[in-house]
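Please read the structure below before turning to the comments.
The values are calculated or read from the model by the stated rules, or taken from the named source; none is laboratory data. Computed from a predicted model, the values in this text were never measured in an experiment. Cβ placement follows ideal geometry from the backbone for every residue including glycine, while neighbour counts extend to all protein chains displayed. Heavy atoms of the whole protein, side chains included, go into the accessibility calculation; ligands, DNA and RNA do not. Shrake-Rupley method; radii C 1.70, N 1.55, O 1.52, S 1.80 Å.
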Amino acid sequence: MILGVDQGAIISVNGGKSWSSWYNQPTGQFYHVSTDQTFPYRVYGAQQDSGTAGVLSRSDYGEVLAQDWYSVGGFEYAFIAPDPLHPGVVYSGGWYGSVVRFDRNTGEVATVFEDGQKYRSAQMPPLAFSPQGPSVLYLGTQFVLKTTDGGANWKQISPDLTGYVEKVEKEGAAGPSRSRPPAITALSPSAVQAGELWAGTSNREVYLTRDSGENWEKVSPPGLGDPLQVLYIEASHHDPATAYLTVGATRESTPPNILRTTDDGRTWKTIVNGLPGNEMVRVVREDPNRKGVLYAGTDTGAFISWNDGESWQSISLNLPATPVTDLQVHGNDLVISTFGRGFWILDDITPLRDITGEASAADVYLFPPETGTRVRWDNYQDTPYPAETPAGQNPPDGAIINYSLKAEPKGELTLTIYDEKNVEIVRFSSQPPFAEHLPANVPDYWFAPAVALPKAPGVNRFVWDLRYPAPSALPYSYYGELLKYQEYTLADHAVPGETPRQQPRGPLVAPGNYTVELRYDGRVLHQPLKVELDPRVHASQQDLLEQRDLALRIAHGMKASYDGYQQVAALREAMNAHHERSKASNAPTDAEKRLEKQIEALEKGTRKEPGFGLVNRDLARLLFSVENADQRPAQTVQAAVEESCDALNRDLRKWQELNDQEIRVINQTLPVVTPATSGCTP
């Protein structure tokens, strides 16, 4: 048997005695979306018959898991308003027109408003904090109410905006088929004009106050009738005279209907050109950073307008076909709620804001990148969650770099990152070199794809992980022996489809100013890139520079020890080949036997006198210790690094002496190399 419910689909194969879970399906039915101002920010919404959700937009565990999600106590179709002054305090619509306040510190859900006999609420009474006065919370009933003390007291600041004359109803007459008396369904306080507040109702009335409710002006657009109601009002973020009205129905789909005013509601213009004619528009929002950029959610997806609604086009991209019920622009992200596919976030919408005639006409255009935040993408150190664990995706790990190409280049496309001294940090190519990998002790589905620059016509996106290239590492096991396969022991970045194959990863760059260079068919483009520290971290810049410098020393030492090991291994192979050729006629000389022991000491060594292999192993472990948190390396960690670097220097000196003094003397056919001389010193 298959049962479809608001939470998803469940299956029974034993006549209903037991059922499968719905917790493995991204089928959340959300009515609205809101975000708070923390870092990382949380996304809030109320679900059909599944309560409320507050979920992190970015997890510290590499993917968004169940522990990143909690209920905030509201009713199924409630508006949710996080308190901008008190992180962790969230207001939601509750049962029967009430308002509740959730406090994450205690987990308590307190009722702070009941409508009683005096107030009349819509099915989804709007809640909104004032961007001008963050202690002011507005609530819509048939009146506009406000509180400035967390709901202890509410003040009526409007008359009945619906014009409704209440009828006497018999007790028990309410039901799902009975229409509700009209009430306020939308509130939008202005972000640019103090005292300005727009209100819309279920019976299609629109009101505007410019003096915090002292006086209200009716500015309803003409020609609207049943079953339409005001779904949302969006007060412009750029012009106090401009607002956008979303008009539709709640229990059926109607043709698209968006209205715009630029004269305080005296006139309204329909702006639906380019939207599907058979889909209802459920919400419209304005970009707070660029005037004229609008976003809309319809019955099947998301749309954008670059000309204040005069024309629209789809930006659904990889979004499944689903009703988009609400949108919010949070910083550089576009956050949406859907009715059936949960929450989605379009990360870094700066290219949408920056698309201009120049960008569209150019053969190649490098968009100015937004600030990259140095965040620990995955701090989870326990057994990794398997691929079948329900999880949301984390934002990209690093700085997002966007560029547009009019046509696919015939040759190589390269992107290079330089530091403040114009020293190259790392270079990427659309033609990455072929890399052979040892067999792994985990399935291939864990690994991220090979890093390569995309070069498709149109806008391309590449993510730099804010790291130097990965150091050269030998495949040592947890127990310390050299393997013929790659053992993945640490849970660092162990997320299915996201795990770097080459480990340990390269050192992180320090916060600062960098330059992005894109080369395309002989043209060179540059843009500055700023890197900032995770705002939750309080390490000083000097701490982070010392951490970076020590990590770079380790990486340099790993390269020297890796190369030294390979050189010594090549000598061993040559010695073995020589012995194989001459074993019938000549036994190894004492000098050759002595050389073999010296080779073994340089290759492996002992705990007290480690050879190149053990030095490389130990430095790889120390790189993780140095890099696993944003802090100045502890004194014991620094001392351990110095021990390994000293051992490396001793090995390099011995290796140099062998090449200079003994190898050619023992046998002229053996290879002689020039060892590295700098050890851990870049």
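Quick rundown of the values:
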read-out: Residues that are open to solvent by less than 40 Å² (accessible area, probe 1.4 Å), aliphatic (A, V, I, L, M) and more than 17 Å from residue 418 (Cα to Cα), drawn from the range 458-479; value: 473, 474
read-out: Which listed residue, of 421, 455, is in a loop (DSSP other than H, G, I, E, B), modelled with pLDDT of 95 or more and either open to solvent by 80 Å² or more (accessible area, probe 1.4 Å) or charged (D, E, K, R) (or both); value: 421
read-out: Members of the range 534-551 that are of a type outside the set (D, E, K, R), touching a Pro at 6+ places or on another chain (Cβ under 8 Å) and surrounded by fewer than 19 Cβ atoms within 10 Å (Cβ to Cβ); value: 541
read-out: Selected residue [aliphatic (A, V, I, L, M) and within 18 Å of residue 335 (Cα to Cα)] from 46, 110, 66, 9; value: 46
read-out: Residue count for the range 427-446, restricted to those that are open to solvent by 80 Å² or more (accessible area, probe 1.4 Å) and polar (S, T, N, Q); value: 1
read-out: Strands (runs of 3 or more DSSP E) lying entirely in the range 185-301 (those with 2 or more residues that are in contact with a Ser or Thr (Cβ under 9 Å, 6 or more places away or on another chain) and within 20 Å of residue 34 (Cα to Cα)); value: 197-201, 229-235, 243-248, 281-286, 294-298
read-out: Conditions (1) touching a Gly at 6+ places or on another chain (Cβ under 7 Å); (2) open to solvent by less than 50 Å² (accessible area, probe 1.4 Å); number of the one not met by residue 211; value: (2)
read-out: Given (1) over 30 Å from the mean Cα position of the chain (by Cα); (2) more than 22 Å from residue 661 (Cα to Cα); (3) not polar (S, T, N, Q), index of the condition residue 626 fails; value: (1)
read-out: Some residue of the range 328-350 being out of contact with any His (no Cβ under 9 Å at 6 or more places or on another chain), open to solvent by 10 Å² or more (accessible area, probe 1.4 Å), basic (Lys, Arg) and without any contact (Cβ under 8 Å) to a residue 60 or more places away in the chain; value: no
read-out: Yes/no for residue 205 being within 18 Å of residue 123 (Cα to Cα), open to solvent by 10 Å² or more (accessible area, probe 1.4 Å) and at pLDDT 95 or above; value: yes
read-out: Breaking point among (1) out of contact with any Leu (no Cβ under 7 Å at 6 or more places or on another chain); (2) outside any loop (DSSP other than H, G, I, E, B), for residue 77; value: (2)
read-out: Unmet criterion (only one of (1) more than 30 Å from residue 490 (Cα to Cα); (2) open to solvent by 80 Å² or more (accessible area, probe 1.4 Å)) for residue 609; value: (1)
read-out: Test: residue 325 is surrounded by 18 or more Cβ atoms within 10 Å (Cβ to Cβ), β-branched (Val, Ile, Thr) and either more than 30 Å from residue 521 (Cα to Cα) or at pLDDT 95 or above (or both); value: yes
read-out: Complete set of residues in the range 114-128 that are in contact with a Ser or Thr (Cβ under 8 Å, 6 or more places away or on another chain) and either assigned to a strand (DSSP E or B) or of a type outside the set (A, V, I, L, M) (or both); value: 114, 115, 119, 120, 121, 123, 125, 126, 127, 128
read-out: All positions within the range 357-379 that are in a loop (DSSP other than H, G, I, E, B), over 14 Å from the mean Cα position of the chain (by Cα) and either without any contact (Cβ under 8 Å) to a residue 40 or more places away in the chain or surrounded by fewer than 21 Cβ atoms within 10 Å (Cβ to Cβ) (or both); value: 362, 363, 368, 379
read-out: Within the range 514-633, helices (runs of 4 or more DSSP H) holding 1 or more residues that are within 24 Å of residue 60 (Cβ to Cβ); value: 541-582, 612-627
read-out: Test set (1) modelled with pLDDT of 90 or more; (2) within 21 Å of the chain's Cα centre (by Cα); (3) assigned to a loop (DSSP other than H, G, I, E, B); (4) surrounded by fewer than 19 Cβ atoms within 10 Å (Cβ to Cβ) - residue 491 fails condition number; value: (1)
read-out: Residues of the range 42-67 that turn out to be touching a residue at least 60 places away in the same chain (Cβ under 8 Å), open to solvent by less than 20 Å² (accessible area, probe 1.4 Å) and either outside any strand (DSSP E or B) or of a type outside the set (A, V, I, L, M) (or both), as a count; value: 5
read-out: Considering residues of the range 159-172 that are open to solvent by less than 90 Å² (accessible area, probe 1.4 Å) and more than 12 Å from residue 183 (Cβ to Cβ) only, the residue modelled with the lowest pLDDT; value: 172
read-out: Residue within the range 638-660 that is modelled with pLDDT of 95 or more, buried (at least 17 other Cβ atoms within 10 Å of the Cβ), within 30 Å of residue 378 (Cβ to Cβ) and of a type in the set (D, E, K, R) present; value: no
read-out: Answer residue from the range 240-292, given it is open to solvent by 60 Å² or more (accessible area, probe 1.4 Å) and basic (Lys, Arg) and is modelled with the lowest pLDDT among those; value: 251
read-out: Selection status of residue 602, open to solvent by less than 10 Å² (accessible area, probe 1.4 Å), more than 38 Å from the chain's Cα centre (by Cα) and of a type in the set (A, V, I, L, M); value: yes
read-out: Scan of the range 104-123 for residues that are open to solvent by 40 Å² or more (accessible area, probe 1.4 Å) and at negative phi, ordered by number; value: 104, 105, 106, 108, 109, 111, 114, 117, 118, 119, 123
read-out: Neighbours by Cβ (under 8 Å, 6+ apart or cross-chain): first from the range 1-25, on the phi > 0 side of the Ramachandran plot; second open to solvent by 70 Å² or more (accessible area, probe 1.4 Å) and modelled with pLDDT under 90; value: 8/22
read-out: The range 109-120 residues that are among the basic types (Lys, Arg), paired with ones that are surrounded by 13 or more Cβ atoms within 10 Å (Cβ to Cβ) (beta carbon under 7 Å, 6 or more apart); value: 120/141; 120/142; 120/181; 120/183
read-out: Matching residues in the range 557-582 - criterion: being within 26 Å of residue 611 (Cβ to Cβ) and open to solvent by 60 Å² or more (accessible area, probe 1.4 Å); value: 559, 562, 566, 572, 573, 576, 580
